[in-house]
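K.L.:
Right, I'll just put the structure down here and ask away after.
Laboratory data are not the source of any read-out in this text; all were calculated from the coordinates shown. Being a predicted model, the structure only gives us computed values, none of them experimental. With ideal geometry, Cβ positions are generated from the backbone for all residues, glycine too; neighbour counts draw on all protein chains shown.
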Amino acid sequence: MNDKSRDNAHSGRETDIAQGMHFIDDVTGAVMPPIHPATTFARDADNALINEAHSYTRDQNPTYVVAEQMLARLEGAADARLFASGMAAATAVFRALNPGDGVVIPAVMYWGLRNWLIEFCEQWGLVLTQFDATQPDALRVAVVSAKPRLVWIETPTNPTWDIIDIEWAAQCAHDHGALLAVDSTVATPVHTQPLALGADIVMHSATKALNGHSDVLAGALACSDADNTLWQRIVKERGESGALPGPFEAWLLQRGMRTLFLRVQRASATALMLAEQLQGHPAVAAVHYPGLASHPGHAVATRQMDGGYSSMLSIEIVGGAQAALRVSGALNLFSRATSLGGVESLVEHRASIEGPDSPIPANLLRLSVGIERPEDLLADLRQALERAEA
Ligand code: PLP
């Protein structure tokens, strides 16, 4: 960090992030950080590293440091680390556990990680317990019986947007000697800061809203206690596996994060408007969005989410899977593509992607709302629902 960033110790998160932690290059005065493509860093004539923080990019690179300082600021974290993808970040947490350790997860969560976990826990000897996040006491019951080392939650959970109370989950985990990790990809640090609510580790697919432009694959972990044994193993695991983005991706990520607050606030406001407008539409059987008063997690979401309820919503279409696919096919402005959190709106029929064992309703369409003109998105959804009905 340079001198200017220390002068601004009392500015707010939005200001710090917009200014990339007040970065000014000490050598040139540049207001944007350079990209350091170097994989290796030199030593002086006495064999001491010229900069002790940098010897080899698999351990650390100055371009990662800029993005990591922003991530730590966003999450109020003691430490934050970049990874090559969200999956690289999440799997680093589980690889740092010991065979025999217990893990508790929600039955509905990001399916790619859930599928990986089911196989990995069997191979690595971790004891996996799943709980139904829609049942009020299910998490506590699972923790009491499984006595896990780690509780992993996601909130809102992808793609049904169930809400898990982070404060309560942290209390359940801590009362029974477990750590709590939260996949906060969908909530984003704009709306939720899991560490402040008691979580120990927070994870992001930075591929999504943190970068926000669907052009970087990256992940992040942040922690409340950098001396924790599990965290130290995670950092070691990252350095040994080299599960890191390239410096160019890390640079793009810090640039994307500068507009995080603007993008997320706009997209979440539009998502709420769309959810309200689509509720009650004759072709829509259900709208899943925690910002709606009718959502079972609304009260908890209102308590733990600040300034919005995320850019993600799902709609169930009257008439089943075929009707849902017709609506998706009739959309003009929502691109039919996987992923979320970009400036452009996307639609996805999750059941087709997840296959026959998917717990997701066959008539569900997941919408990732971007920053386009809200009225255009609403008009597109209305015309697609009408065409599919006809
Ligand atoms: N967590 C959530 C909630 C996700 O939606 C995704 C990807 O869709 C991931 C984790 C995995 O992230 P990545 O694709 O960056 O590996």
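K.L.:
Grab the eigenvalues of the alpha-carbon gyration tensor for the range 261-366, scale each by 5, take roots, and send me the semi-axes largest first in whole angstrom.
P.N.:
On the way: eigenvalues 103, 53, 36 Å².
Equivalent-ellipsoid dimensions as semi-axes: 23, 16, 13 Å.
K.L.:
Further, regarding this structure: Evaluate the relative contact order of the range 17-117 (contact order divided by residue number), counting alpha-carbon pairs under 8 angstrom at least 6 apart; express in whole percent.
P.N.:
On the way: 70 pairs, mean separation 17.7, N = 101.
Relative contact order here is 17 percent.
K.L.:
Based only on other Cβ atoms within 10 Å, what is the fewest-to-most ordering of SER328, SER345, SER294? Numbers along the way, then the final one.
P.N.:
On the way: SER328 20, SER345 26, SER294 10.
Exposure proxy ranking, most exposed first: SER294, SER328, SER345.
K.L.:
On each of the three principal axes of the Cα atoms of the range 1-109, give max minus min coordinate, whole Å, ordered largest first.
P.N.:
Its Cα atoms span 51, 41, 20 Å along the three principal axes.
K.L.:
Quick one: order LEU117, LEU82 by neighbouring beta-carbon count within 10 Å, fewest to most. Walk me through the numbers on the way to the answer.
P.N.:
Details: LEU117 21, LEU82 28.
Least to most surrounded, the residues fall as LEU117, LEU82.
K.L.:
Considering every pair of different Cα atoms, what Kirkwood radius, in Å, is found for the range 165-226? Display every interim value, and only then the final one.
P.N.:
Details: mean 1/r = 0.0825 Å⁻¹.
About 12.1 Å, per the Kirkwood formula over Cα pairs.
K.L.:
Which value results for Rg/Rh of the chain when Rg is the Cα radius of gyration and Rh the Kirkwood radius based on the inverse mean 1/r? Don't skip to the answer; put the middle values down first.
P.N.:
Values: Rg = 21.4 Å, Rh = 21.7 Å.
Ratio value, two decimals: 0.99.
K.L.:
As I understand it, the value is the acute angle between the Cα axis of helix 374-389 and the longest principal axis of the Cα atoms of the chain; what does it come to in degrees, rounded to 10?
P.N.:
Long axis of 374-389 versus the principal axis of the chain: about 40 degrees.
K.L.:
Using only Cα atoms and rounding to the nearest 10 degrees, what angle (0 to 90) does helix 62-75 make with the longest principal axis of the chain?
P.N.:
Value to nearest ten degrees: 50.
K.L.:
Relative contact order, percent, of the chain when contacts are C-alpha pairs under 8 Å separated by at least 6 residues?
P.N.:
On the way: 815 pairs, mean separation 61.5, N = 390.
For the chain, the relative contact order is 16 percent.
K.L.:
Rounded, prolate or oblate: which fits the range 67-106 when a ≥ b ≥ c are the square roots of the eigenvalues of the alpha-carbon gyration tensor, with rounded for a/c under 1.5 and prolate only if a/b beats b/c?
P.N.:
Details: a/c = 2.51, a/b = 2.01, b/c = 1.25.
Prolate.
K.L.:
What whole number of Å gives the distance from the Cα centroid of the range 204-275 to the Cα centroid of the range 137-179?
P.N.:
22
K.L.:
Could you give the nm distance between label points at GLU52 and VAL27, where each point is 7 Å from its Cα heading toward the beta carbon?
P.N.:
About 2.1 nm, to one decimal.
K.L.:
Would any residue of the range 184-220 have its amide N under 19 Å from a label point 7 Å out along Cα→Cβ of ARG233? List them or say none.
P.N.:
Within reach of a label on ARG233, which here means backbone N under 19 Å from a point 7 Å along Cα→Cβ, the range 184-220 contributes 200-203.
K.L.:
Test of understanding: ordering THR57, THR28 by Cβ neighbours within 10 Å, fewest first, what list do you get? Show your work: numbers first, answer last.
P.N.:
Working: THR57 20, THR28 8.
With the sparsest Cβ surroundings first, the list reads THR28, THR57.
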